[in-house]
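The values are calculated or read from the model by the stated rules, or taken from the named source; none is laboratory data. Note that the structure is a prediction, hence the values are computed from the model and not measured. Note: ideal-geometry Cβ built from the backbone for every residue, glycine included; neighbour counts use all protein chains shown. For the accessible areas, the whole protein counts, side chains as well, though only heavy atoms, and no ligand, DNA or RNA atoms are used. Shrake-Rupley method; radii C 1.70, N 1.55, O 1.52, S 1.80 Å.
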Amino acid sequence: MRTRPTRPRQFGRRHQPVIALTVKRDRRRPRRRDRSDVEPLHVLAWRYRYYLAPIYLTFLVWGGGALAHRWLGTGMTLLVVLVAVAAAAFWTRRAHDRRVERAYTVVVAATVGAWLVAAACLGAGHPVLLRVLAVAALLCAVPWWAHHRIRSQVRVERTVAAWPSIAEATGLKGSKLVGVVVNTWGWTGRLTLAAGQTARDVMTKLRTVESVLKLPVGSLRAEPCPDRADVALVRVVHADPHRKTILWTGKPARSIAVPLEVGPYDDGDTCRVPLFDQVTGTHHALLAGTNGSGKSGLLNLVACHVVTAPDALLWAIDLKGGMELRPWWPVCDWLATTTSEAADMLAALRAVVDARGQVARHRVWQSSPAAPVISVLIDEAAELPADVVADLESVARRGRALGVQLVLATQYPTANAVGSTQVRAQLRTRAAFRFMKTSEAATVVTDTAATDPATIRKDRPGCCFVEAAGAERPALVRCYWVDDAAVAQVVETWRGRQPALDPVSARAAGTAYARRRINPEERPDLEKPRRGEEVEQGTSVVVAEPSEPARTPTASPPQQSRLTNEEAHAALRTALLAAGNDGTNVEALCEACGRRKTWVYRELDALEEQKMITRARRHGYYRATRRLRQEHDGR
């Protein structure tokens, strides 16, 4: 069988092969927008709802007036309007913290109510009422459009819309910004991160995000979300609540178990720190920071809380001769101003802890006016002598469950400054004020990447990071300021109202407690002995008399007339001029002008801004400049 040879197939015009090319669109090139890409009207109306809110409200009021004229009548409309205006006034007092915002809300509600009553009587289509509605809507809309919170809301919405590109530029690709809420200080939101990212990644890129968003340095804050590791809570602060000093409100403590209100966070929430609770006992505290950072302000705040509590006693150690804690003498159960007195107090505290442990019926000391908690404030703990470290360690270890609390304040929180590493380990409540270096704060805060006290501004005295039970937020806090007038008022109001030390503790404290310097001869501001000096012996009660003569009054602070402000300013400048080029420290200046450290620091800052003083080579010393000398010679 023959086979025909195969020939290549000839293609004619009809049979030309068709080559199909599939061209993929380059996704990097922006696609041209056509008419189908135009967003619908209802989407635009919702996007710009904050700007268009006055217009929406105008149409809503007009519709309400038409319904009121047809169905309710004048009397029923008036009743509804009165209830609505009262409800608006009550709501705005809780929702708004500024008087202008409250007044604006009440005025708008009253205007709307008056127009509705008129519309119910005359009809919503009355020509005069329509003109009045248009003019009133315009007048009420201008403050709304100009208000910073509305403008902030619009800016925030733009930031949320542009966040994908911002996240890609800052190294947070895949994150989403959700749950944004605008408040008085700025706005807060939740940043949902991509897989493998945590809040620490956000904290390390805060300055980069601020650069992309064109924000001031330090206005963006972040902290971990307690519920999820892949979520970070971010805050943008436009109006810093810490820019001004916040005075203490003078609210007394109902009990030592009530948490201490330290101050507001940077988002306006209040930081509350417990000093004692009936379940875990006392909370030892450490206050650390460089000079002029505001430690003494928090120390005075703790003193106010303890003094006003009916179930707590204040003991204090101030080794600067009582320079800082001297104003609290009338309400202080025991104040030590020398090293020997500090040693006696700590030895007595150790004996009190031993005695309370023998008679305690509960695992934790139950505070009451008959068995008060002893709160011991120690200013400049680094000045304590080495021979009291053993007593301090024993009180720190066992005092928590037996109603003894320690509050130590120091500039450099090293192990030697607070006694030992054992003492520092027991100080679980910590407040880190401004430090010169980040390495110095590593012994106070656990995570300096999230809370670095070295970044606190110098013009923010009293700002600190707090680590305590119930206050674990890594956010900045500004402590309430207790000025000299407030201290004097608290002392005058609560003098003689403190509870007495329980008999078991009084007997254990021994003669050192009985001989403490609180008799009327050394305390002329008191007319009679403090109550609570009684010691039980069997069934009778006698007053414990000291077995030895009282301490010599040479260690007592000198009783001299208080200088006026002009005299104190002159004394401060004279002391600076007399110090020479070596300079002088703050303690010597306080003694020279008869003022507290806080007053001296404020005056030193003012003189430094005027270039009349400068810092000496020695740390913590100040000296006068040529400008101050010329001004003094000119006088």
Revision key, fill the gap. Calc'd 3J(HN,Hα), segment 222-231, phi into Karplus 6.51 cos²θ - 1.76 cosθ + 1.60 (θ = phi - 60°), Hz, glycine/Pro = x, comes to 9, 8, x, 7, x, 8, 9, 7, 9, 10
Point to revise | Derived scalar couplings ³J(HN,Hα) [segment 66-73; Karplus, 6.51 cos²θ - 1.76 cosθ + 1.60; whole Hz; x for Gly, Pro] | key: 5, 5, 5, 5, 8, 10, 8, x
Revision key, fill the gap. By the mean-Cβ-within-10 Å protection proxy, highest first, 310-319, 586-595 rank as 310-319, 586-595
Review point. Considering the Cα trace of segment 149-237, what is its radius of gyration and what is Dmax, both in angstroms?
Key: 12.0, 36
Point to revise | Violating pairs (Cα-Cα greater than 25 angstrom) within the set 176/205; 251/458; 176/214 | key: 251/458
Review point. By accessible area of protein heavy atoms, probe 1.4 Å, what ranking do 265, 50, 56 get, highest first?
Key: 56, 50, 265
Exercise for review: Using the charge dipole of segment 180-235 (Lys, Arg: +1 at Cβ; Asp, Glu: -1 at Cβ; taken about the Cα centre), state which of 204, 232, 194 has its Cα farthest towards the positive end.
Suggested key: 204
Practice item. Would you please report the Å³ per residue occupied by the convex hull of the alpha carbon atoms in segment 47-146? Key: 98 Å³
Point to revise | Per residue, in Å², the accessible surface of segment 348-408 once ligands and nucleic acids are set aside, probe 1.4 Å | key: 40 Å²
Check your understanding: Which trypsin sites (Lys or Arg not before Pro) in segment 228-272 pass both tests, a DSSP loop state and at most 14 other beta-carbon atoms within 10 Å?
Key -> 228, 243, 244, 254
Exercise for review: State to the nearest 20 debye the size of the charge dipole of segment 47-146 about its Cα centre, where the only charges are +1 on K and R beta carbons and -1 on D and E beta carbons.
Suggested key: 220 debye
Exercise for review: Any chance you could run the full-extension gain for residue 66 through residue 157? It's 0.36 nm times the residue separation minus the Cα-Cα distance, nm to one decimal.
Suggested key: 29.3 nm
Exercise for review: Specify, per residue and in Å³, the volume enclosed by the convex hull of the alpha carbon atoms belonging to segment 260-540.
Suggested key: 126 Å³
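Could you give the length gained on full extension between residue 169 and residue 606, defined as 0.36 nm per residue of separation minus the Cα-Cα distance, in nm?
This chain segment gains 153.0 nm when fully extended.
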Point to revise | Sequence ranges 135-142, 215-222, 627-634, 407-414, ranked by mean other-Cβ count within 10 angstrom, highest first | key: 407-414, 215-222, 135-142, 627-634
Review point. At a probe size of 1.4 Å, how large is the accessible area of residue 402, to the nearest 10 Å²?
Key: 20 Å²
Revision key, fill the gap. Compactness check, segment 285-418: C-alpha Rg relative to the 2.2 N^0.38 Å globular estimate gives 1.01
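With every protein chain left in place, what is the accessible area per residue of segment 47-146 in square angstrom, probe 1.4 Å? Spell out each step's value before the answer.
Details: 6530 Å² over 100 residues.
For segment 47-146, the per-residue accessible area is 65 Å².
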**Study point:** 126, 69, 305, 362, ranked by accessible area, largest first (probe 1.4 Å)
**Key:** 362, 69, 126, 305
Check your understanding: What list of whole percents do you get for P(r) of segment 565-634, with Cα-Cα distances grouped in 10 Å bins up to the one holding the largest distance?
Key -> 23, 62, 16, 0
Practice item. Return the carbon/sulfur percentage of the accessible area of segment 565-634, one whole number, probe 1.4 Å, all protein chains in place. Key: 42 percent
